[in-house]
1. Tell me the Kirkwood hydrodynamic radius of the stretch 67-116 in angstroms, computed as one over the mean inverse distance between distinct C-alpha pairs.
2. Can you give the convex hull volume of the alpha carbon atoms of the stretch 94-159 per residue, in Å³?
3. Spin-label point model (7 Å from Cα, Cβ direction): what's the ILE82 to GLU151 distance in nm?
4. Just the number: Rg to Rh for the stretch 131-211, Cα atoms, Kirkwood Rh, two decimals.
5. Across the stretch 163-295, how large is the tail of the calculated P(r) beyond 23 Å, expressed as a percent of all Cα pairs?
6. Could you provide, to the nearest whole Å², the per residue accessible area of the stretch 194-276 with probe 1.4 Å?
7. With an 8 Å cut-off on Cα pairs and a minimum separation of 6 or more residues, tell me the relative contact order of the stretch 210-333 in percent.
8. Can you list the residues, at least 5 places off or on another chain, whose amide H is less than 5 Å from the amide H of LYS242, using H built in the peptide plane?
Amino acid sequence: MVNLSRLERRNFIQKTGLGVALLTLGGSSVLSSCAGGNKGEGETTETDTTAMEAKPYSGELKISLAQWSHNKEFFAGTLKPIDFAKIANGYGIKAIEYVNQFYKDQAQDKALLDELNKRAADLGITQLLIMIDGEGELATPDQVARVKAVENHYKWVEAAKHLGCHSIRVNVFGNGSSEVVQTAAVDGLGRLSDFAKDHNINIIVENHGGFSSHGQWLAGVMKQVNKPNCGTLPDFGNFCLKREGGAQWDAACIEEYDKYLGVEELMPYAKAVSAKSHDFDQFGTETGINYERMIEIVKKYNYSGYIGIEYEGEKLSAEEGILATKKLLERYI
(Lines give C-alpha, C1' and ligand atoms only; values in the text may rest on other atoms or scores of the structure.)
Protein backbone atom coordinates (compact mmCIF):
# COMPACT_ATOMS: atom_id res chain seq x y z
CA MET A 1 0.00 0.00 0.00
CA VAL A 2 1.28 3.48 -0.88
CA ASN A 3 1.73 5.78 2.11
CA LEU A 4 0.35 9.22 1.33
CA SER A 5 0.92 12.40 3.32
CA ARG A 6 -2.10 14.26 4.64
CA LEU A 7 -1.78 16.80 1.82
CA GLU A 8 -1.43 14.05 -0.82
CA ARG A 9 -4.50 12.27 0.51
CA ARG A 10 -6.52 15.44 0.36
CA ASN A 11 -5.45 16.15 -3.22
CA PHE A 12 -6.20 12.53 -4.18
CA ILE A 13 -9.72 12.79 -2.77
CA GLN A 14 -10.35 16.06 -4.59
CA LYS A 15 -9.03 14.80 -7.92
CA THR A 16 -10.90 11.51 -7.83
CA GLY A 17 -14.19 12.98 -6.63
CA LEU A 18 -14.35 10.53 -3.74
CA GLY A 19 -15.37 13.21 -1.30
CA VAL A 20 -15.42 16.88 -0.43
CA ALA A 21 -13.49 18.06 2.60
CA LEU A 22 -14.96 20.72 4.83
CA LEU A 23 -12.67 23.38 6.24
CA THR A 24 -13.72 23.67 9.84
CA LEU A 25 -12.76 25.93 12.69
CA GLY A 26 -14.66 25.70 15.94
CA GLY A 27 -17.50 23.91 14.16
CA SER A 28 -17.79 26.41 11.30
CA SER A 29 -15.85 26.92 8.14
CA VAL A 30 -13.60 29.89 7.53
CA LEU A 31 -12.26 31.02 4.19
CA SER A 32 -10.44 34.31 4.03
CA SER A 33 -10.62 36.82 1.23
CA CYS A 34 -8.05 39.01 2.96
CA ALA A 35 -5.01 36.79 2.56
CA GLY A 36 -3.12 39.02 0.16
CA GLY A 37 0.66 39.13 0.18
CA ASN A 38 1.15 42.15 -2.08
CA LYS A 39 0.06 45.74 -1.76
CA GLY A 40 -3.48 46.17 -2.91
CA GLU A 41 -4.24 42.47 -2.58
CA GLY A 42 -6.24 40.79 0.12
CA GLU A 43 -8.32 43.73 1.28
CA THR A 44 -11.60 42.79 2.91
CA THR A 45 -14.15 43.80 5.47
CA GLU A 46 -15.14 41.48 8.30
CA THR A 47 -14.32 37.86 7.57
CA ASP A 48 -17.11 35.63 6.22
CA THR A 49 -17.31 32.60 8.46
CA THR A 50 -20.19 30.84 6.73
CA ALA A 51 -19.69 27.19 5.84
CA MET A 52 -17.96 26.62 2.53
CA GLU A 53 -16.88 23.58 0.62
CA ALA A 54 -13.18 22.94 0.26
CA LYS A 55 -11.65 23.86 -3.07
CA PRO A 56 -8.28 22.94 -4.54
CA TYR A 57 -5.61 25.45 -3.58
CA SER A 58 -5.35 28.06 -6.32
CA GLY A 59 -2.89 30.53 -4.84
CA GLU A 60 0.87 30.89 -5.06
CA LEU A 61 3.25 30.70 -2.12
CA LYS A 62 6.66 32.33 -2.31
CA ILE A 63 9.54 32.58 0.14
CA SER A 64 10.88 35.77 1.71
CA LEU A 65 13.54 36.40 4.34
CA ALA A 66 12.97 38.21 7.63
CA GLN A 67 15.91 40.38 8.62
CA TRP A 68 15.67 39.11 12.19
CA SER A 69 17.15 35.79 11.04
CA HIS A 70 20.54 37.52 11.05
CA ASN A 71 19.88 39.66 14.14
CA LYS A 72 23.02 38.54 15.99
CA GLU A 73 25.27 39.45 13.10
CA PHE A 74 23.60 42.82 12.58
CA PHE A 75 23.79 43.72 16.26
CA ALA A 76 27.42 42.57 16.44
CA GLY A 77 28.36 44.54 13.36
CA THR A 78 29.66 41.56 11.41
CA LEU A 79 26.94 42.22 8.84
CA LYS A 80 25.59 45.60 7.75
CA PRO A 81 21.82 46.19 7.61
CA ILE A 82 22.17 48.16 4.40
CA ASP A 83 23.42 44.96 2.72
CA PHE A 84 20.27 42.99 3.52
CA ALA A 85 19.08 42.75 -0.09
CA LYS A 86 22.45 41.35 -1.13
CA ILE A 87 22.39 38.88 1.76
CA ALA A 88 18.95 37.58 0.81
CA ASN A 89 19.95 37.34 -2.83
CA GLY A 90 22.86 35.14 -1.78
CA TYR A 91 20.34 32.61 -0.50
CA GLY A 92 18.38 32.75 -3.72
CA ILE A 93 15.58 34.63 -1.96
CA LYS A 94 14.06 37.55 -3.86
CA ALA A 95 11.87 39.22 -1.23
CA ILE A 96 12.77 40.76 2.14
CA GLU A 97 11.19 41.89 5.40
CA TYR A 98 12.99 44.66 7.27
CA VAL A 99 13.25 45.16 11.04
CA ASN A 100 13.23 48.74 12.29
CA GLN A 101 15.61 47.94 15.16
CA PHE A 102 18.47 47.95 12.66
CA TYR A 103 17.57 51.42 11.38
CA LYS A 104 16.98 53.33 14.61
CA ASP A 105 16.20 57.02 14.07
CA GLN A 106 16.53 56.52 10.30
CA ALA A 107 12.88 56.21 9.30
CA GLN A 108 12.98 59.69 7.78
CA ASP A 109 16.48 59.40 6.31
CA LYS A 110 15.62 59.78 2.63
CA ALA A 111 19.19 59.10 1.53
CA LEU A 112 19.15 55.75 3.34
CA LEU A 113 15.72 54.81 1.99
CA ASP A 114 16.79 55.72 -1.53
CA GLU A 115 19.91 53.57 -1.16
CA LEU A 116 17.86 50.62 0.10
CA ASN A 117 15.57 51.05 -2.90
CA LYS A 118 18.50 51.13 -5.30
CA ARG A 119 20.19 48.06 -3.84
CA ALA A 120 16.97 46.08 -3.90
CA ALA A 121 16.12 47.15 -7.44
CA ASP A 122 19.60 46.30 -8.73
CA LEU A 123 19.13 42.71 -7.54
CA GLY A 124 15.46 42.35 -8.41
CA ILE A 125 14.50 42.13 -4.74
CA THR A 126 10.96 42.93 -3.58
CA GLN A 127 10.70 44.88 -0.31
CA LEU A 128 7.64 43.58 1.51
CA LEU A 129 7.30 45.09 4.96
CA ILE A 130 8.97 46.61 8.00
CA MET A 131 8.65 44.99 11.43
CA ILE A 132 8.23 47.73 14.03
CA ASP A 133 9.28 47.47 17.68
CA GLY A 134 10.03 49.99 20.41
CA GLU A 135 7.62 52.75 19.38
CA GLY A 136 5.22 52.53 22.30
CA GLU A 137 2.30 50.33 23.26
CA LEU A 138 -0.59 50.51 20.81
CA ALA A 139 -2.84 48.67 23.29
CA THR A 140 -2.06 50.52 26.50
CA PRO A 141 -5.24 51.56 28.38
CA ASP A 142 -3.63 54.99 28.89
CA GLN A 143 -5.18 56.94 26.02
CA VAL A 144 -2.55 59.69 25.97
CA ALA A 145 0.27 57.15 25.77
CA ARG A 146 -1.65 55.10 23.21
CA VAL A 147 -2.19 58.06 20.89
CA LYS A 148 1.49 58.94 21.23
CA ALA A 149 2.42 55.37 20.28
CA VAL A 150 0.14 55.56 17.24
CA GLU A 151 1.82 58.79 16.15
CA ASN A 152 5.27 57.27 16.71
CA HIS A 153 4.42 54.72 14.01
CA TYR A 154 3.52 57.33 11.39
CA LYS A 155 7.11 57.75 10.23
CA TRP A 156 7.44 54.02 9.62
CA VAL A 157 4.25 54.01 7.56
CA GLU A 158 5.80 56.75 5.43
CA ALA A 159 9.10 54.85 5.21
CA ALA A 160 7.27 51.70 4.13
CA LYS A 161 5.54 53.65 1.38
CA HIS A 162 8.88 55.07 0.21
CA LEU A 163 10.28 51.53 -0.02
CA GLY A 164 7.27 50.19 -1.89
CA CYS A 165 6.33 47.84 0.97
CA HIS A 166 2.76 46.66 1.45
CA SER A 167 2.73 46.68 5.28
CA ILE A 168 4.29 47.47 8.60
CA ARG A 169 4.12 44.82 11.32
CA VAL A 170 3.17 46.20 14.71
CA ASN A 171 2.63 44.86 18.24
CA VAL A 172 -0.41 45.21 20.50
CA PHE A 173 1.09 45.30 23.97
CA GLY A 174 -0.61 46.74 27.01
CA ASN A 175 -1.17 46.09 30.71
CA GLY A 176 -4.57 45.26 32.12
CA SER A 177 -7.27 42.67 31.79
CA SER A 178 -7.86 40.84 28.52
CA GLU A 179 -10.99 42.89 27.84
CA VAL A 180 -9.41 46.25 28.66
CA VAL A 181 -6.32 45.63 26.54
CA GLN A 182 -8.44 44.33 23.67
CA THR A 183 -10.54 47.50 23.68
CA ALA A 184 -7.38 49.61 23.68
CA ALA A 185 -5.88 47.51 20.85
CA VAL A 186 -8.95 48.08 18.70
CA ASP A 187 -8.66 51.82 19.22
CA GLY A 188 -4.90 51.99 18.62
CA LEU A 189 -4.98 49.83 15.51
CA GLY A 190 -7.99 51.65 14.17
CA ARG A 191 -6.30 55.03 14.50
CA LEU A 192 -3.08 53.81 12.88
CA SER A 193 -4.92 52.01 10.08
CA ASP A 194 -6.82 55.19 9.25
CA PHE A 195 -3.52 57.07 8.87
CA ALA A 196 -1.92 54.25 6.85
CA LYS A 197 -4.88 54.00 4.49
CA ASP A 198 -3.94 57.27 2.80
CA HIS A 199 -0.46 55.81 2.16
CA ASN A 200 -1.81 52.51 0.80
CA ILE A 201 -0.07 50.63 3.63
CA ASN A 202 -1.45 47.76 5.69
CA ILE A 203 -1.13 47.55 9.47
CA ILE A 204 -0.55 43.92 10.39
CA VAL A 205 -0.25 42.35 13.84
CA GLU A 206 1.91 39.36 14.69
CA ASN A 207 1.23 36.94 17.51
CA HIS A 208 4.18 38.22 19.47
CA GLY A 209 3.74 37.67 23.17
CA GLY A 210 1.19 38.55 25.83
CA PHE A 211 -2.44 38.60 24.78
CA SER A 212 -1.45 38.74 21.11
CA SER A 213 -0.22 35.14 21.34
CA HIS A 214 -3.77 34.02 22.13
CA GLY A 215 -5.19 33.35 18.67
CA GLN A 216 -8.83 33.82 19.59
CA TRP A 217 -8.08 37.10 21.38
CA LEU A 218 -6.20 38.56 18.41
CA ALA A 219 -8.83 37.34 15.96
CA GLY A 220 -11.37 39.16 18.13
CA VAL A 221 -9.36 42.36 17.80
CA MET A 222 -9.37 41.99 14.01
CA LYS A 223 -13.13 41.49 13.93
CA GLN A 224 -13.69 44.66 15.93
CA VAL A 225 -11.22 46.82 13.99
CA ASN A 226 -12.81 45.59 10.76
CA LYS A 227 -10.75 47.72 8.36
CA PRO A 228 -9.54 46.57 4.93
CA ASN A 229 -5.92 47.55 5.64
CA CYS A 230 -5.67 45.96 9.09
CA GLY A 231 -4.75 42.29 9.32
CA THR A 232 -2.46 39.71 10.85
CA LEU A 233 0.95 38.17 10.36
CA PRO A 234 0.57 34.63 11.74
CA ASP A 235 3.88 33.31 13.07
CA PHE A 236 4.25 29.53 13.29
CA GLY A 237 6.02 29.70 16.64
CA ASN A 238 5.16 32.81 18.68
CA PHE A 239 2.40 31.44 20.89
CA CYS A 240 3.91 31.73 24.36
CA LEU A 241 1.35 33.23 26.74
CA LYS A 242 3.42 33.26 29.92
CA ARG A 243 7.13 33.06 30.77
CA GLU A 244 8.97 32.28 33.97
CA GLY A 245 9.09 35.17 36.39
CA GLY A 246 6.56 37.12 34.37
CA ALA A 247 9.24 38.07 31.83
CA GLN A 248 8.15 39.30 28.41
CA TRP A 249 11.16 37.81 26.60
CA ASP A 250 14.29 35.72 27.22
CA ALA A 251 12.79 33.30 29.76
CA ALA A 252 11.40 29.78 29.54
CA CYS A 253 7.80 29.54 28.33
CA ILE A 254 5.53 28.00 30.97
CA GLU A 255 2.19 28.39 29.17
CA GLU A 256 1.70 28.10 25.41
CA TYR A 257 -1.32 28.46 23.14
CA ASP A 258 -1.96 25.67 20.63
CA LYS A 259 0.11 26.88 17.69
CA TYR A 260 -1.93 25.09 15.03
CA LEU A 261 -5.22 26.39 16.39
CA GLY A 262 -3.67 29.85 16.64
CA VAL A 263 -2.58 29.90 13.02
CA GLU A 264 -6.06 28.63 12.02
CA GLU A 265 -7.65 31.54 13.88
CA LEU A 266 -5.33 34.18 12.43
CA MET A 267 -5.15 33.05 8.79
CA PRO A 268 -8.53 34.57 7.81
CA TYR A 269 -6.93 38.00 8.36
CA ALA A 270 -3.40 37.21 7.12
CA LYS A 271 -1.55 39.61 4.84
CA ALA A 272 1.83 37.94 5.54
CA VAL A 273 3.02 34.72 7.20
CA SER A 274 6.14 34.01 9.25
CA ALA A 275 7.87 30.62 9.25
CA LYS A 276 9.61 30.50 12.61
CA SER A 277 12.31 27.83 12.98
CA HIS A 278 14.71 26.72 15.69
CA ASP A 279 16.09 23.19 15.43
CA PHE A 280 16.13 20.44 12.81
CA ASP A 281 16.58 16.69 12.95
CA GLN A 282 18.74 14.57 10.63
CA PHE A 283 15.95 14.50 8.06
CA GLY A 284 15.72 18.30 7.85
CA THR A 285 12.44 18.42 9.78
CA GLU A 286 11.82 21.24 12.27
CA THR A 287 11.68 19.51 15.65
CA GLY A 288 9.10 21.75 17.31
CA ILE A 289 6.76 22.69 14.47
CA ASN A 290 5.03 20.40 11.99
CA TYR A 291 5.67 22.39 8.82
CA GLU A 292 3.54 20.12 6.63
CA ARG A 293 0.58 20.77 8.90
CA MET A 294 1.25 24.51 9.00
CA ILE A 295 1.47 24.80 5.23
CA GLU A 296 -1.77 22.84 4.91
CA ILE A 297 -3.45 25.40 7.17
CA VAL A 298 -2.00 28.30 5.14
CA LYS A 299 -3.25 26.78 1.88
CA LYS A 300 -6.59 25.92 3.45
CA TYR A 301 -7.38 29.62 3.65
CA ASN A 302 -6.25 30.13 0.05
CA TYR A 303 -3.50 32.50 1.16
CA SER A 304 -1.44 33.70 -1.78
CA GLY A 305 1.77 35.56 -1.03
CA TYR A 306 5.02 35.27 0.85
CA ILE A 307 6.05 33.11 3.77
CA GLY A 308 8.96 34.74 5.56
CA ILE A 309 11.83 32.69 6.97
CA GLU A 310 12.62 33.71 10.55
CA TYR A 311 15.33 31.46 11.96
CA GLU A 312 15.98 31.84 15.70
CA GLY A 313 17.88 28.66 16.53
CA GLU A 314 21.11 28.21 18.46
CA LYS A 315 22.53 24.94 17.15
CA LEU A 316 22.97 25.99 13.54
CA SER A 317 24.53 29.17 12.26
CA ALA A 318 22.17 31.76 10.83
CA GLU A 319 23.20 30.76 7.32
CA GLU A 320 22.65 27.06 7.98
CA GLY A 321 19.33 27.69 9.71
CA ILE A 322 18.01 29.90 6.93
CA LEU A 323 18.95 27.36 4.27
CA ALA A 324 17.43 24.50 6.31
CA THR A 325 14.17 26.45 6.68
CA LYS A 326 14.14 27.34 3.00
CA LYS A 327 14.58 23.70 2.03
CA LEU A 328 11.79 22.64 4.39
CA LEU A 329 9.39 25.24 3.01
CA GLU A 330 10.22 24.21 -0.54
CA ARG A 331 9.33 20.63 0.38
CA TYR A 332 5.72 21.59 1.09
CA ILE A 333 4.86 24.72 -0.92
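The values are calculated or read from the model by the stated rules, or taken from the named source; none is laboratory data. Computed from a predicted model, the values in this text were never measured in an experiment. FYI the Cβ positions are ideal-geometry reconstructions off the backbone, even for glycines, and counts take in every protein chain you see. The accessibility values were calculated without ligands, DNA or RNA, using every heavy atom of the protein model including side chains. Shrake-Rupley method; radii C 1.70, N 1.55, O 1.52, S 1.80 Å.
1. 11.4 Å
2. 76 Å³
3. Distance between the two pseudo-spin positions: 3.2 nm.
4. With Rg and the Kirkwood Rh in hand, the quotient comes to 0.96.
5. Result: 35 percent of Cα pairs exceed 23 Å.
6. Result: 37 Å² per residue.
7. 24 percent
8. ILE254, GLU255
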